[in-house]
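Visitor: Following this message is one structure expressed as structure tokens.
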Amino acid sequence: MLDTAYRVEIPGGIHLEAQVVGPIPRIFAFSIDLVIRGIILTVLSIASIPLGADGMGGGFFLIILFAIEWLYPVMFELLARGQTPGKKLLGIAVVNDDLSPVTLGTSLVRNLLRTVDFLPLFYLTGLVSMLSNRRFQRLGDLAAGTLVISISKTAQAATVDDVSPLAPAIPLSRSEQTSIVDFLRRGAQLSQPRQQELASILEGTTHQKGEDGVERLRRHGAWYLGIR
Amino acid sequence: MKQHEFEALHQALWQQIDTALEKPAHVDNAELLAEHYLSLCQHLAVAKERMYDGALVERLNNRALGLYRELYRYRADTRLNLYAFFRRDFPLAIYRHRFYILVAFVVMILPGLVSGTWTYFDEDAIYSVLDGSEVRHMERIYDPESRKIGREREADTDIFMFGFYIKNNISVAFRCFAGGLLLGIGTLLVLFFNGMFMGSIAGHLTRLDFVDTFYPFVIGHGSFELTAIVFSGAAGLRLGYAIINPGQSSRLDSLRQAGREVVPMLYGIVLMLTIAAFLEAFWSSSSSLPIALKYSVGAILWSLVLWYSCSGRRHESR
């Protein structure tokens, strides 16, 4: 099964779950970072011209070039909790494989090994590596023990105060109850026709069609939720 | 307890946590987060166990993930203890990599010696390694005749060269390390060719009798630079060998283990090459200092580097 969920047991005694991120958002994030790096480099190289291109200015420029090539991602991953500006825009972050934020060591390893992921050109090796394991890790990630997860904001739950609860006619199992509640809480993310389509699966039980079927399920959901 | 009641009971706390997570660095917020971390973990566990709906579990999960990422955040002031690094971690890492260092050293020095001997005895040999313009450039730099005795390069140019050495040498070392991921082959190639180039240049310049300009120049910074390149080769070979011979663990686990163990080597390599670039730009380049002084300082630096590199064994737990 294709599943991007990544589960890990944390010291709180529970399992945390995160969604690992595939190549496409990472390529976007990388491209944004590339533009930002280009801008930084241009600005600083213009600023270093008055210091003399063959002398001090040139020296600073080369050091900046080195820092931007190798240390830009390391610096941001450390100081901005695993997020370079590009990753921040895409709502993704680098973490250790126990979901804790990257440390200097892991960040350094994954970013130095970028050179190999780039080979033979345009990150082909990295792409192949990402597509051949379940956690979308490029070679640098594999060696450093890091992965990229999504940390985008979660949508607030829909308010359900307007739904009047109704006890269902027959008892349901726990997982069935959860599904009904899920339908109530997340229904707003679906289109009306899709909601009706889902509700029609239970037409044999609810004996309601179309919008009424949806409304009936929502009322049962509210009842299971504990609204009285 | 029904879900609705559960949510109503804890909603206020969750709201507080969400607000605190927006500005986690603030002292009050940090305290609040630390205090309620376990409660939140418990809420998540309860919500899962009672099969509350997916949306609630997801929100609790993401909230806990955010909190967890704050609590275990990287702290620059605690993680890299420079004193402990110099005193123990780096020498110990060197000691533990000793076999890889030996291999890297041999792979670099052998082609160096062979090509050096060849260019020393054969006038044209250098041209099969470097092209004509490079050879002429090098001969011009080290030709004792072309140098006005006592003329110093301007300070500006020294800074330029410092930047140049930082960018080039550290990049070479990083690539040498990264090449280890290609089963060590990339590392071996970088070491081999660097050894060959340096050997042939040394042989050629010795043949031209530019001894008094070439060797005093390279001896000082060479101590840090050559050692660091060998170390980066060793770190790369460590990765490569972890893939080739994973032992009892899976190849992936073995690689990750190696990735953790080479980290002190990487820190050390960066530091050593920065020192080397500094020496090369500001010390080695000075042509007004007497040759004897340069050789003496070079000998001291080499002794220091070698002594330090061999000092790790006592930190190994037995």
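Visitor: Within the range B:21-56, how many residues turn out to be facing another protein chain (nearest Cβ under 9 Å) and of a type in the set (A, V, I, L, M, F, W, C)?
Guide: Residues flagged as facing another protein chain (nearest Cβ under 9 Å) and of a type in the set (A, V, I, L, M, F, W, C) within the range B:21-56 amount to 8.
Quick grid of which residues meet (1) in a helix (DSSP H, G or I); (2) surrounded by 13 or more Cβ atoms within 10 Å (Cβ to Cβ):
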site	(1), (2)
A:D3	no, no
A:I40	yes, yes
A:I46	yes, no
A:G55	yes, yes
A:G58	yes, yes
A:E69	yes, yes
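Visitor: Please verify whether the range B:177-187 includes one or more residues that are in contact (Cβ under 8 Å) with a residue 40 or more places away in the chain, touching a Cys at 6+ places or on another chain (Cβ under 9 Å), within 14 Å of another protein chain (Cβ to nearest Cβ) and closer than 18 Å to A:T115 by Cα.
Guide: Within the range B:177-187, one or more residues are in contact (Cβ under 8 Å) with a residue 40 or more places away in the chain, touching a Cys at 6+ places or on another chain (Cβ under 9 Å), within 14 Å of another protein chain (Cβ to nearest Cβ) and closer than 18 Å to A:T115 by Cα.
Visitor: Do you know which residues across the range B:181-204 are crowded, with 20+ Cβ neighbours inside 10 Å and farther than 23 Å from B:Y215 by Cβ?
Guide: If the condition is that a residue be crowded, with 20+ Cβ neighbours inside 10 Å and farther than 23 Å from B:Y215 by Cβ, then B:L181, B:G184, B:G186, B:T187, B:L188, B:V190 are the ones that fit.
Visitor: Considering only residues that are under 20 Å from A:L198 (Cβ atoms) and facing chain B (nearest Cβ under 10 Å), look in the range A:136-164 and name the one that is surrounded by the most Cβ atoms within 10 Å (Cβ to Cβ).
Guide: Selected residue: A:V160.
Visitor: Got a sec? Which helices (runs of 4 or more DSSP H) wholly within the range B:246-318 have at least 2 residues that are surrounded by 12 or more Cβ atoms within 10 Å (Cβ to Cβ), among the charged types (D, E, K, R) and modelled with pLDDT under 90?
Guide: Because the criterion is at least 2 residues that are surrounded by 12 or more Cβ atoms within 10 Å (Cβ to Cβ), among the charged types (D, E, K, R) and modelled with pLDDT under 90, no helices (runs of 4 or more DSSP H) in the range B:246-318 meet it.
Visitor: Since A:V74 meets every condition but one in (1) within 29 Å of B:L67 (Cβ to Cβ); (2) within 14 Å of chain B (Cβ to nearest Cβ); (3) surrounded by fewer than 16 Cβ atoms within 10 Å (Cβ to Cβ), which condition does it not meet?
Guide: Answer for A:V74: the failing condition is (3).
Visitor: If A:E215 passes every condition in (1) surrounded by 15 or more Cβ atoms within 10 Å (Cβ to Cβ); (2) charged (D, E, K, R); (3) over 20 Å from B:A8 (Cβ atoms); (4) within 14 Å of another protein chain (Cβ to nearest Cβ) but one, which one does it miss?
Guide: A:E215 satisfies every listed condition except (4).
Visitor: Given the residues B:F197, B:F174, B:F231, B:F210, which is the only one that is within 11 Å of another protein chain (Cβ to nearest Cβ) and not polar (S, T, N, Q)?
Guide: The unique qualifying residue is B:F174.
Visitor: Kindly indicate the residue of the range A:167-186 that is within 17 Å of A:A199 (Cα to Cα) and of a type in the set (D, E, K, R) and also farthest from the other protein chains (Cβ to nearest Cβ) among those meeting that condition.
Guide: Looking at residues that are within 17 Å of A:A199 (Cα to Cα) and of a type in the set (D, E, K, R), I get A:E176.
Visitor: Same structure, new question: Within the range B:57-73, how many residues turn out to be more than 8 Å from chain A (Cβ to nearest Cβ) and touching an Asp or Glu at 6+ places or on another chain (Cβ under 8 Å)?
Guide: 1
Visitor: Please go through (1) without any contact (Cβ under 8 Å) to a residue 60 or more places away in the chain; (2) under 24 Å from B:H43 (Cα atoms) for A:A18 and return the number of the only condition it doesn't satisfy.
Guide: Unmet condition: (1).
Visitor: Follow-up. In the list B:G259, B:G268, B:G298, which residue meets the criterion of being in contact (Cβ under 8 Å) with a residue 40 or more places away in the chain and over 30 Å from B:T213 (Cβ atoms)?
Guide: After applying the criteria, what remains is B:G268.
Visitor: Next up: Can you name the residue in the range A:99-116 that is surrounded by fewer than 23 Cβ atoms within 10 Å (Cβ to Cβ) and over 28 Å from B:N62 (Cβ atoms) and is also nearest to the other protein chains (Cβ to nearest Cβ) among such residues?
Guide: Once the filter is applied, the top-ranked residue is A:T115.
Visitor: Now for a separate question. Restricting to helices (runs of 4 or more DSSP H) lying wholly in the range B:20-113: which have 1 or more residues that are farther than 30 Å from B:A202 by Cα and more than 36 Å from the chain's Cα centre (by Cα)?
Guide: B:27-49, B:54-71
The values are calculated or read from the model by the stated rules, or taken from the named source; none is laboratory data. Predicted model only: the values in this text are computed from it and were never measured. Here the Cβ is made from the backbone with ideal geometry for all residues, glycine too, and neighbour counts use every protein chain on show.
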